[in-house]
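See structure below.
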């Protein structure tokens, strides 16, 4: 069975690129194009994703709103969340991590392959523990 | 306050009763409430279950009917096959019958495989296309239940079932749609049987919309939305009972359960006030009973207590009598107990006291009579002596007053500065006071025996004739100014008063002359008149000057671009320029007051209060960003102070207002630019970087061509560099604007240096360069600084060193100088010539030797500039320690030390 990733990203350039990279790395990807869609899809989803990736600047509800919703939902709160954004502010990163995200990655700092590697680590960790993965919080090259 | 024993007893017993009422009442109330609560929960849960079941049952009959039609009604399949050309009217009348018979279904429609309505019990429905609707595609495979929605066409809530019609080969030929009669479901849900007067049940769909009418708000179905935490919890799929506040704000006890078939929350609630009414009623009866018992006990104690206490009251009354001096007491208590004994002893005591009192009284009476007689004798003697003394004293006083009055008069005349003379009837001076000598210059001997014309005779003769006429003929006092001559020949003017002194017969006896030398006053008066004239001239001149000055000032303040006002300390505006009138949109010629202006400012800014504060403190106040007529201003209130002999007085103030709206707009658009740049520039660059790297990572077999591969690598490298430039550019701009915050914490420097070297080691290794770290001591250097920023500076210096070194080592050293630590990075690069040294650390200046050949360094030229800004923010310095062309350079930066361990 393939591992499912959930990606919320409004920019078609970005979502297409990451979906392709995930597919090429052997993952199935569920997509959402704004915050509202992300929440409603996550609520209705039958097979829960292994990792959720959230952009921050999205229409309707932003990534922080979606993250808050996930962490308040009994069904979703155990799924590790990675913030994948081009906002490189130290404050945004600290806010996301304090809200329960496991990683804060600035898109422009990584090739898609490197992001896939990070996801792989988290997938491995979460399958080991059968619970919230024990991943070190990573923040790098922030303004 | 005093309480009798009976009252105390009653209060004591009543307090105990009160406790019993409070504790007993509370216990019974809560016990009852709990048992009622449990009963109500099971009651409403069963009602809720019952209603849900009947709604389900109701739905099932509808579904069963529609599915039966789809599977068993073969005419439908034939009808839907257009080739058969079957008349649909017969089928339609059958469908109409079914919709009437089956309560759950209000209407039935048949759709062909293209989604066209071919038969319908609804008017004007036939011929419409439903192929675009979501349910149609789903209903081609299995039965679909469309839960509550608001049908815009019929303008009422609807719900329908759609199921596929298939022919004998199991091929899809059409869809049958049954519209569920919502009214029936609503009736089942909202029926209030078994829920009392305030109880109700209703449905809330997943959009928080009330689907059925609410009892407390009629006709609210599909209008009212309810956002309450417990409703949210219910809509998330939970079922639970409890006490909550309902949509109307009332406290309710209820059961909320998720109704999966209708995707809604089924709510059953009863008002708490009604639910707990029995508990309250029972408790009220209990309390009432206890109060009646309490009153009864109080009355009994009152009667019983009085009986017991009566003898004590009597004893008390008799003792009060003795206290007031009445010893005629006889306590008759007729009691053989302890109280009886007390009464006998008490009666004896009263008799003895009475006897003793009588003896004492007669002795006192005798002594008083003797004393009174003696006192009378003494009084008489005293009166006689006092009278005598008073007479002597009076006489003595009168003679003393007369003597002192005379003496005073003499003293006054001798010492006055007025010249006083007395002449006899022929004008010969018989007395002259010392002032005469002082004024005229003639001695007392020279004056006495002479005529006053000795110093007079300076006025025209007719003056003297008139004067003497007044005095001698009319026997009146003459008063006037007279010119006289002193002994030394000097003329002086005096104010003279000459009076005749008459005897009892009205005959003149003497003349008395009084003169005051007023020549000095006269001279002063003349001088004053002259002075006044010249001052008036000066005032006219000065006024003219002031007017000119004011005009000049006004034209100069009119030319400044700020609003300008001068006001006095009573807020009266003395001077203002045109700019201020423009700011407030006043007519240029209007007379304005401060009150006209105050209302234009934002409510949270009170100009008058601010002016008062500044005037009170006698300090210039700056006004920051105040809003006025949709514009932003900054300004100054400067009190005008004049100092005189160490005391300063506030005589008014100057108010300046400057329009800074434009500056604000520019500043804001700058901020917005950075926000947009940081996000919007990065996104396309990320796409270029990501896609090119993916072509290299995942499609290497497709870009096997060496040249194509190289080109892709170049695109990837270029995009990374562009991202780096954007980041550097933003970094530098934020630093320049002071937007980067320094977050200090305590950390150990040598650790951080090792860590930074490790992170950049790979990059150095690709060029066969090794980085060595030499620390002079083994001490740990603790800093209190922003760790990330320190790492960034070191990383930049190391990055530069690696860039410029072709082969050899890079050495990092730390040295402690007093309170600072110096971190230096030495490379074996090309070195920097003296003329380029001074360009280092400037904007867009790479650290290389060839300033204009940037492509060699692949840098933005902002690295050292950013490092300089960062280090200065960290409280240190950065610089080039030494550089020899061809041998290498050493860069350094310093940081303040917190402590060395």
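No lab work stands behind these numbers, since they all come straight from the coordinates. The shown structure was predicted, so the numbers you read here are calculated from the model rather than taken from an experiment. Glycine also receives a Cβ, built like all others from the backbone with ideal geometry; neighbour counts cover every protein chain displayed.
In which sequence would B:868, B:367, B:689 go, from the one with the fewest C-beta neighbours within 10 Å to the one with the most?
B:367, B:868, B:689
On a 0 to 90 degree scale, rounded to 10, what angle separates helix B:338-415 from the longest Cα axis of chain B?
Tilt relative to chain B: about 60 degrees.
Antiparallel DSSP bridges in the protein assembly as shown: what percent, to the nearest 5?
85 percent
Would you work out if the protein assembly as shown is rounded, prolate or oblate? Take a ≥ b ≥ c from the square roots of the eigenvalues of the alpha-carbon gyration tensor; rounded if a/c is under 1.5, else prolate when a/b is larger than b/c, oblate otherwise.
oblate
Can you put B:468, B:258, B:303 in order, fewest other beta carbons within 10 Å first?
Listed from fewest to most nearby Cβ atoms, that is B:303, B:468, B:258.
Could you please state, rounded to a whole Å, how far the C-alpha centre of region B:83-141 is from the C-alpha centre of region B:230-278?
39 Å
Can you give the mean number of other chain Cβ atoms that lie within 10 Å of the Cβ atoms in peptide A:60-71?
Neighbouring Cβ atoms belonging to other protein chains average 0 per residue here.
Peptide B:231-243: average number of partner chain Cβ atoms within 10 Å per residue?
1
Work out the P(r) tail for region B:539-637: percent of alpha carbon pairs separated by more than 24 Å, whole number.
Beyond 24 Å sits 27 percent of the P(r) for region B:539-637.
With the alpha-carbon atoms as the only input, what is the per residue convex hull volume for region B:368-527 in Å³?
So the per-residue Cα hull volume is 215 Å³.
Kindly express, to the nearest 10 degrees and within the range 0 to 90, the angle between helix B:661-676's C-alpha long axis and the longest C-alpha principal axis of chain B.
30 degrees
How high is the FRET efficiency between residue B:711 and residue B:782 when r is their beta carbon distance and R₀ equals 56 Å, given to the nearest 0.05?
Computed FRET efficiency for residue B:711 and residue B:782 comes out at 0.65.
Using alpha carbons only, how many angstrom separate the centre of region B:21-38 from the centre of region A:28-54?
Between the Cα centres of region B:21-38 and region A:28-54 lies a distance of 51 Å.
Need the full-extension length gain, residue B:319 to residue B:285, defined as separation in residues times 0.36 nm minus the C-alpha distance. One decimal, nm.
Net length gain for the segment: 7.3 nm.
Once you have a ≥ b ≥ c as the square roots of the Cα gyration tensor eigenvalues for region B:625-773, tell me rounded if a/c is under 1.5, and otherwise prolate or oblate according to whether a/b is larger than b/c. Before the final figure, lay out each step's value.
On the way: a/c = 5.73, a/b = 2.17, b/c = 2.64.
Verdict is oblate for region B:625-773.
Using label points projected 7 Å from each Cα along Cα→Cβ, tell me how many nm separate residue A:75 and residue B:617, to one decimal.
6.0 nm
GNM on chain A, C-alpha springs below 10 Å: top fluctuator among A:45, A:122, A:82?
Its mean-square fluctuation being the largest, the pick is A:45.
Order of B:239, B:42 from fewest to most other C-beta atoms within 10 Å?
Exposure proxy ranking, most exposed first: B:42, B:239.
Using the alpha-carbon centroid of each, what span in Å lies between region B:511-545 and region B:422-449?
Their Cα centres are 33 Å away from one another.
Please work out how much length the chain gains when fully extended from residue B:184 to residue B:518, using 0.36 nm per residue of separation minus the C-alpha to C-alpha distance, in nm with one decimal.
107.8 nm
For chain A, what class follows from the C-alpha gyration tensor (a ≥ b ≥ c being the square roots of its eigenvalues): rounded when a/c is under 1.5, otherwise prolate if a/b is larger than b/c, else oblate?
Verdict is rounded for chain A.
On a 0 to 90° scale, report how tilted helix B:607-617 is relative to the longest principal axis of chain B, with both axes built from alpha carbons and the result rounded to the nearest 10.
50 degrees
Could you work out the mean count of beta carbons from other protein chains within 10 Å of each residue's beta carbon in A:20-33?
1
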